[in-house]
Amino acid sequence: ADALHGIGRTAEAVTLFERLLSLRNDVGLLSEEYDAATGRQLGNTPQAFSMVGLINTARELSGAHTETSASGMAQHLRD
């Protein structure tokens, strides 16, 4: 989703991200692997790297990352 968004294909990125969200477990967490054949999460749960990626992608797609950019932070500090 990040790569699609990065090349301007945001609608596709959002669709892919929403698909990822549907794969989370009952408490909203991701494991380190997903078996598409069985529809089950495998490996360590929760997987910090998967969750960090999910959060970063959500921020990127929402535009929230622009609010915490260096220039935005500098402006905030001046205010």
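The values are calculated or read from the model by the stated rules, or taken from the named source; none is laboratory data. Fair warning: this is a prediction, and the values are worked out from it, not measured in the lab. Counting neighbours? That spans all protein chains shown, and the Cβs are built from the backbone with ideal geometry, glycine included.
Observations on the structure shown:
- Any chance Phe17 is of a type in the set (Phe, Trp, Tyr), part of a helix (DSSP H, G or I), out of contact with any Pro (no Cβ under 6 Å at 6 or more places or on another chain) and modelled with pLDDT of 90 or more: yes
- Of Ala3, Ala11, Ala37, all but one fail to be among the hydrophobic types (A, V, I, L, M, F, W, C), over 17 Å from Arg59 (Cα atoms) and surrounded by fewer than 12 Cβ atoms within 10 Å (Cβ to Cβ); the exception is Ala37.
- Candidate set: the range 40-52, residues that are in contact (Cβ under 8 Å) with a residue 12 or more places away in the chain and part of a helix (DSSP H, G or I); chosen: the one surrounded by the fewest Cβ atoms within 10 Å (Cβ to Cβ): Phe49
- Considering the range 14-34, and only residues there that are over 22 Å from Ser62 (Cα atoms) and touching a Leu at 6+ places or on another chain (Cβ under 7 Å), the residue that is surrounded by the most Cβ atoms within 10 Å (Cβ to Cβ) turns out to be Ser31.
- Flag not set for Asp35, criterion: over 13 Å from the mean Cα position of the chain (by Cα), at pLDDT below 90 and not β-branched (Val, Ile, Thr).
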